[in-house]
1. Give the shape of the chain as rounded, prolate or oblate, defined through the alpha-carbon gyration tensor: a ≥ b ≥ c are the square roots of its eigenvalues, a/c under 1.5 means rounded, and otherwise the shape is prolate if a/b is larger than b/c and oblate if not.
2. Summing -39500 (n - 2.57) over the DSSP H runs of n ≥ 4 in the chain and dividing by its residue number, what mean residue ellipticity at 222 nm do you reach, to the nearest 500 deg cm²/dmol?
3. Considering only Cα-Cα distances, which of the following residue pairs are longer than 20 Å: Lys52/Lys195; Lys43/Lys198; Lys150/Lys177; Lys43/Lys177; Lys43/Lys80; Lys80/Lys150?
4. Could you do me a favour and compute the accessible area per residue for the chain, 1.4 Å probe, result in Å²?
5. Whenever you get a sec, compute what percent of the accessible area on the chain sits on carbon and sulfur atoms (1.4 Å probe).
6. Report, by chain and number, residues whose modeled amide H sits under 5 Å from the one on Tyr122, excluding near sequence neighbours (fewer than 5 apart, same chain).
7. With unit charges on the beta carbon (Lys/Arg positive, Asp/Glu negative), name the residue among Ile212, Leu152, Asn141 whose Cα is farthest towards the positive pole of the charge dipole of region 88-232.
Amino acid sequence: DWHQWRAPRATDVRSPCPALNTLANHGYLPRNGKHITVPMILKAATDGFNFKADALMVTISKFGLLASSDPTTLNLDDLKLHNLIEHDASLSRQDFALGDNLHFNETIFTTLANSNPGVNYYNTTSAGQVMHARLADSLANTPNVTNSPKSLGIRGTESAFYLSAMGDPVTGVAPKKFVNIFFREERLPFAEGWKRSKTQTTIETVGRLSGILLQESNDVPTQPCEPHVLGP
Ligand code: HEM
Ligand code: MG
């Protein structure tokens, strides 16, 4: 079938975003991860995750284009450009100053993987706690760490994104099994029983969940802004 999961080949490129990588691994985006346009991302996000092509997805996708040296397309690895979208205190990647801000890192992911003990799902409370723990680690250990209103806003959006994509965009509840496969294998967990949510994820659902997540995290910016990154 056209949208089977296949591991990337040696010449394929991937991003610091588990979702874009998953979409490429299933052929919703080009499997080589290259020459990707905004309309391609919008269609893939809808087909793969039922994310609406509204102002939120359009803005993030256009923002991502700034990471590319081509005016109209991006390669997934372009997105590692630090402080454009990529930020410190990620859920599954190392901070930029510590080395590899692109590839999945199981040690970093341990905080999320061990969260919400005793039950088989993650929710906004656990996800907020994970955000807080990841930021505390970065603030304590990363030289030249960034923690601004912008990075905080992106982090809240991303935690809302994984709860919505792997679970319920309204309740923010997502089975651990699905979320863990999404991060670790960059695969849609169809075989394990995951289905694309019937409820669409929109700027409104994400805004609501990310607001809750930021509250639950108790995270606050420790600097007004980072240097503006507008391109490579
Ligand atoms: C990171 C989900 C779309 C660019 C992330 C993370 C999640 C996520 C959960 C956090 C990873 C981590 O903290 O380790 C999603 C979902 C999307 C989506 C469900 C829906 C299709 C996009 C789009 C772009 C993008 C359209 C830009 C073209 C990024 C980048 C990061 C990221 C650059 C790295 C941020 C960082 O952790 O430093 N995404 N994303 N994502 N995403 Fe996406
Ligand atoms: Mg990062």
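The values are calculated or read from the model by the stated rules, or taken from the named source; none is laboratory data. Nothing here was measured: the structure is a model prediction, and the numbers come from that model. Using ideal geometry, Cβ is built from the backbone for each residue, glycine included, and neighbour counts are taken over all protein chains shown. Accessible surface areas use protein heavy atoms only, side chains included; no ligands, DNA or RNA. Shrake-Rupley method; radii C 1.70, N 1.55, O 1.52, S 1.80 Å.
1. Details: a/c = 1.39, a/b = 1.07, b/c = 1.30.
Taking the square roots of the gyration eigenvalues as a ≥ b ≥ c, the chain is rounded.
2. Values: 8 runs with 100 residues, N = 232.
Mean residue ellipticity at 222 nm (helix-derived): -13500 deg cm²/dmol.
3. On the way: Lys52/Lys195 16 Å; Lys43/Lys198 16 Å; Lys150/Lys177 30 Å; Lys43/Lys177 26 Å; Lys43/Lys80 22 Å; Lys80/Lys150 16 Å.
Those over the limit are Lys150/Lys177; Lys43/Lys177; Lys43/Lys80.
4. Details: 10690 Å² over 232 residues.
Value for the chain: 46 Å² per residue.
5. Numbers: 6260 of 10690 Å².
For the chain, the apolar C and S fraction of the accessible surface comes to 59 percent.
6. Ala174, Lys176
7. Ile212
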